[in-house]
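First up is the structure itself, then whatever we jot down about it.
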Amino acid sequence: MSTSSENRVLRRTKIVATLGPATDDSDVLEKLIMAGLNVARLNFSHGVAADHIKRANEVARISKKVNKHVAILADLQGPKIRIAQFSKGSVILDEDKPFIIDVELDPSIGDINQVGCIYKPLAKDVEPDNLLLLDDGRIVLKVIQVEDSKIHCTVMVGGELSNNKGINLQGGGLSADALTEKDILDIQTAVEISADFIAVSFPRNAQDMIKAREIINKAGSEACLVAKIERAEAIDEIDEIIEASDVIMVARGDLGVEIGDAALPPVQKMLISKARSMNTAVITATQMMESMINNPIPTRAEVFDIANAVADGTDAVMLSAETSIGKHPLKTIEAVHRICLTAEKQKSQTSSRHRIGHRFQRLDESIAMSAMYIANHSDISAIATYTESGSTAMRMSRISSGIPIIAMAPYGEVCRKLAIYRGVQPLLLARPEQGDKEIHMAAIDKMKNAKIVNKDDLVIITTGEVIGDIGGTNNLKILQVT
């Protein structure tokens, strides 16, 4: 049997890349999609609605042209907890000197002694001995006392502080709502562009995610919900947040500031493991290839970072400024693709003990787990699952394997949502009306045309008996490609 072919090497880990000025050229965007972009992120912290609409439409146009399923992720800004501005643009803060954050101060007259803050509740959220981390933790202030609108601090770690830098409270505890008025307006834009995923920034608990889903559903969308884990208190509520979400994102920027950089690696591993065990997708994000904003090759540390995220089991890795404003967006995606492919060859990535010892609650889960077990212990070249909702393919993707999972779905929106799951390659296929034999033939033809399987290969195909029955997968067959 033919079990290896260069044209069948499929990257399992998915690439999420942020669009921006560096990707606005149609030729550049098409090259990114052809190089392996799976999910296009629209960052609603920057730009206006017209920018996002134009970019989403261009992704849809090019994806159709090149016959790729590229999902759209609308990333909401969330609450902005930032200082205001300095009259001279920036100041140099010296260690052990006093400094005041005054939430009622004129927002443009900050100086060496004080600065305003656009987040008014800050004075009520903090107390003496709290540590305020500014500019991603580069500046550290210790709260001495709170006097009405004034937060009196001592500079613990000094340096240059410029306008509009972010504020984090070490250990978490800021009361800002996850969804702002701007976010609710942006949800309307996300629905207008048929976003496949909508990311909620700074959720504290499951209620924040439930509220977001209610707003999104009311707006007429069934987009998958992404919880960005970037608050310290979210860690304590993580099981409930995962249950209320479709995807979680390990947003290592703000999260690392709030819990401390040394605590971040084990927390990342825990979040990835927990998400996978709870049948939820997970994106690892922030500074993954940061140096490639300016440089054409990554640092060795960045190579290890990507490889370690793959080894941890992440579904996707995310690029931010590297592609949105960077000088080398195509080289960056090509580098991530290359690193992921190599990391996925490790033995730990092709075997699994997922849900060993657990009783399956659903029939489609039993079929999914059985298919993956057979594939990992037999001479199987590919697994094809005909899925109405994507549920069976998602459950298969929770198993570590080197075997491609080909999800045959009748709807483009299902194919796009499956684009984020590790190991899943979505293909659009309308279900033949004649019966299972025709489905099997159509699936094999699709895989042969995509150069995923060759003559004499063994493949597993799963289907459901009832057309349109969500979660009704109940058939598994092993067939030989003719």
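Using the Cα centre of the chain as the reference point, and only Cβ charges (+1 on K/R, -1 on D/E), how large is the resulting charge dipole? Debye, rounded to the nearest 20.
1920
Once you mark the GluC sites (Glu not before Pro) that are in a DSSP loop and have at most 15 other Cβ atoms within 10 Å, what is the longest gap between them in the chain?
Excluding the exposed sites themselves, the longest stretch runs over 223-432.
Would you grab the residues whose amide H sits under 5 Å from the one on A384? Only those 5+ places off in sequence or on another chain, please, with H modelled 1.01 Å from N.
Here I406, I460, I461, T462 satisfy the definition.
I want the antiparallel fraction of DSSP beta bridges within the chain, as a percent rounded to 5.
40
Apply the Karplus parameterisation 6.51 cos²θ - 1.76 cosθ + 1.60, with θ equal to phi minus 60°, to every residue of the stretch 385-399 and state each ³J(HN,Hα) to the nearest whole Hz, in sequence, with x for glycine and proline.
10, 7, 9, 7, 10, x, 4, 5, 5, 4, 5, 4, 5, 6, 8
Put +1 on the Cβ of each Lys and Arg and -1 on the Cβ of each Asp and Glu in the chain; which of V103, G116, G326 then has its Cα farthest toward the positive end of the dipole?
Of V103, G116, G326, it is G326.
Given +1 on the Cβ of Lys and Arg, -1 on the Cβ of Asp and Glu, and no further charges, what dipole in debye does the stretch 1-153 carry about its Cα centre, rounded to the nearest 20?
1300
Gap in Å between the Cα centre of the stretch 173-250 and the Cα centre of the stretch 276-298?
Answer, in whole Å: 20.
Taken together, the values in this text are just the output of simple stated rules run on the coordinates, not laboratory data. It should be emphasised that the depicted structure is a prediction, and the values quoted were computed from it without experimental measurement. Because the Cβ atoms are built from the backbone with ideal geometry, glycine has one as well, and the counts that use them run over all protein chains shown.
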